[in-house]
Amino acid sequence: TDLVDSIVEAVVEYRGQLERHRRERRYRAILNDPNLLVGILDTDGRLLEANDTAAGYIDPDLEEMIDEPFWETAWWGEETESLVRQKIKQAADGEYVEYEADLTDATEDSYSVTGTIRPVTDETGHVVSLVVSALDVTERKIRQRRLQEEQQLVRGILDALPDVFYAFEPSGYLLRWNERLETVTGYSEDEIEDMYV
């Protein structure tokens, strides 16, 4: 029976090692995602670890910021410090927190991120750490701003026309019109929006 117990114990230990290895690989895959800025925080907000993608946005060496309060690291400026501290407290209290921020990188270029701070709990439900992740959305915001500017330009050109202008879908519902249509018909923009041509 000692031999059987030893074999069972060895098999259980081996399976445990395999599971730990799988978890470590999953953890590393998430942490090293090249599209995400990822950091691991202690529940008090101190930075424990960050990935290379996040480190690429700051000037000081990442090692200099380990164990520093996250809101005091080079990713954040003085104007965002209290907001970041508040968001970390919310996450440490068990809340899933979303945020957006306009920041400046190590070369003084502006960039925008959208991200989350997620609490990580143990089997008893206590928060044991926080995962901060962010996606650089600078290009998306630039495209949105350009689209809005183009839409305003088109709207301005159409509204400057002295004649009535409108375009409609094949189904007959109005898509776009100028202010002159509202003036001539007496209908408001909200009324026209739901009208069939």
(message) Can you say whether residue 174 is surrounded by 13 or more Cβ atoms within 10 Å (Cβ to Cβ) and more than 27 Å from residue 32 (Cβ to Cβ), as far as the supplied structure shows?
(response) yes
(message) Quick check on the range 55-71. Is at least one of its residues farther than 23 Å from residue 143 by Cα and touching a Pro at 6+ places or on another chain (Cβ under 6 Å)?
(response) no
(request) Kindly indicate which of 182, 193 is of a type in the set (Asp, Glu) and open to solvent by 60 Å² or more (accessible area, probe 1.4 Å). (result) 193
(request) For residue 127, indicate whether it is touching a residue at least 12 places away in the same chain (Cβ under 8 Å) and at negative phi. (result) yes
(message) Looking at the range 79-91, I want the residues that are over 10 Å from residue 45 (Cα atoms) and have a partner that is assigned to a helix (DSSP H, G or I) and of a type in the set (D, E, K, R) with Cβ atoms under 8 Å, at least 6 apart or on another chain. Which pairs are those?
(response) 81/72
(message) Of everything in the range 54-76, what is under 12 Å from residue 108 (Cα atoms) and either surrounded by 12 or more Cβ atoms within 10 Å (Cβ to Cβ) or in contact with a helix residue (DSSP H, G or I) (Cβ under 8 Å, 6 or more places away or on another chain) (or both)? Give them in sequence order.
(response) 57, 58, 74, 75
(request) Filter the strands (runs of 3 or more DSSP E) completely within the range 78-154 down to those with at least 3 residues that are under 26 Å from residue 33 (Cβ atoms) and acidic (Asp, Glu). (result) 97-104
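The values are calculated or read from the model by the stated rules, or taken from the named source; none is laboratory data. All figures in this text were calculated on a predicted structure; none of them were measured in a lab. So basically every Cβ, Gly included, is an ideal-geometry build from the backbone, and we count neighbours across all protein chains shown. What goes into the accessible areas is simple: the full protein's heavy atoms, side chains included, and nothing from ligands, DNA or RNA. Shrake-Rupley method; radii C 1.70, N 1.55, O 1.52, S 1.80 Å.
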